[in-house]
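So the structure is just underneath, and the comments pick up after that.
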Amino acid sequence: MPQMTMKKKPLIKMHFTQIFREVNHYIAANPMFVLCVCVVNMVYMLLLKAIPGGIQNPAFIVWILTYYIFWCFFYRYYYGLKPYFSNKAIFGSLTPSTKALFLLALCGFGVALLPMVPLFLGFDDVYMDIYENYLQPASQKDIGQLSGITLVIVYSVLTLLAPPLICKPYLAWISSLRQQNASFRKVGDKTKGNYWQFVIISAILLVPEAVASQLDIHFNLHNWLDYTVSTVIFIYTNIVFAKIYDFFYLKH
């Protein structure tokens, strides 16, 4: 008797043009909601800018908590899930978001150690000159202060790391807000074979912010252009992830 073999489930292929087309259609169909979200998000950004000492101020804890709840509300409203402010959904979403933050912190620690690897390999004399003249000054600057090839390298690395470190955990977080299966493994299974599509989407979303930050510095606009563009792009990004979630979880 011939053995029965399980048929492999075909991979779901996403195309970035389809996602952006659906995002634009959603914005065109819901202009008032998107505008309100833009206004609220801009208010949050202005409040963050006004906090003395930034993230070192205890008031930042209140800011980040309410900001987190705001975006939980956004997705609950987007999917028409009442109550929009659900304590169960919000607390449930803390699991994937905490895992994502841990992965980002671990990756950041690893990237921070990378410049020191040649020292452990014995390239002391030659490498120390390169490190002190180029790498160390770059590591002490904000991304917005970098220029030229260094900025291109930084954003290229961010784009390549975005699919596993940001995109997939974000989809798990959205699933948790819908009180569905929020495991990273399930996200990986559903989105398998779409790494480069996520890279392209991440690049398209990151480029405007990179350009805005450089224009802000060049024209000495005190981060106002950067804040404005970042606010709009962040809202657009969240709608993009909602549509990506719809594609993998609701349509297939």
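The numbers here are math on the coordinates, done by the rules we state, and not lab data. Just so we're clear, the structure is a prediction, and the values are computed from it rather than from any experiment. Glycine also receives a Cβ, built like all others from the backbone with ideal geometry; neighbour counts cover every protein chain displayed.
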Inset, instruction - Starting with the highest mean, order 69-81, 18-30 by the number of other Cβ atoms within 10 Å, averaged over the residues of each peptide. - result: 69-81, 18-30
Legend entry - I69 paired with R185, simple spin-label distance in nm, labels 7 Å along Cα-to-beta-carbon: 3.4 nm
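What's the ranking of 99-105, 206-212, 56-62 by average number of surrounding C-beta atoms within 10 Å, highest first? Please list the in-between numbers first.
Working: 99-105: 13.7, 206-212: 16.6, 56-62: 11.6.
Descending mean neighbour count gives 206-212, 99-105, 56-62.
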Inset, instruction - Anything over 26 Å Cα to Cα? Flag those among K168/K251; K13/K82; K186/K251; K13/K168; K88/K192; K49/K88, in the order listed. - result: K13/K82; K88/K192; K49/K88
Inset, instruction - Output the Cα-based Rg and Dmax of the range 198-247 in Å, rounding Rg to one decimal and Dmax to a whole number. - result: 12.6, 41
Legend entry - Overall Cα dimensions of the range 170-216 - principal axes, largest extent first, Å: 42, 25, 11
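Can you list which of the trypsin sites (Lys or Arg not before Pro) found in the range 155-217 are DSSP loop residues with at most 15 other C-beta atoms within 10 Å? List each step's numbers first, then the result.
Details: sites: R178, R185, K186, K190, K192; in loops: R178, K192.
Counting only loop positions with at most 15 other Cβ atoms within 10 Å, the trypsin sites (Lys or Arg not before Pro) in the range 155-217 are K192.
Per the Kirkwood formula on distinct C-alpha pairs, the Rh of the range 1-98 is how many angstrom?
Numbers: mean 1/r = 0.0581 Å⁻¹.
In the range 1-98 this quantity evaluates to 17.2 Å.
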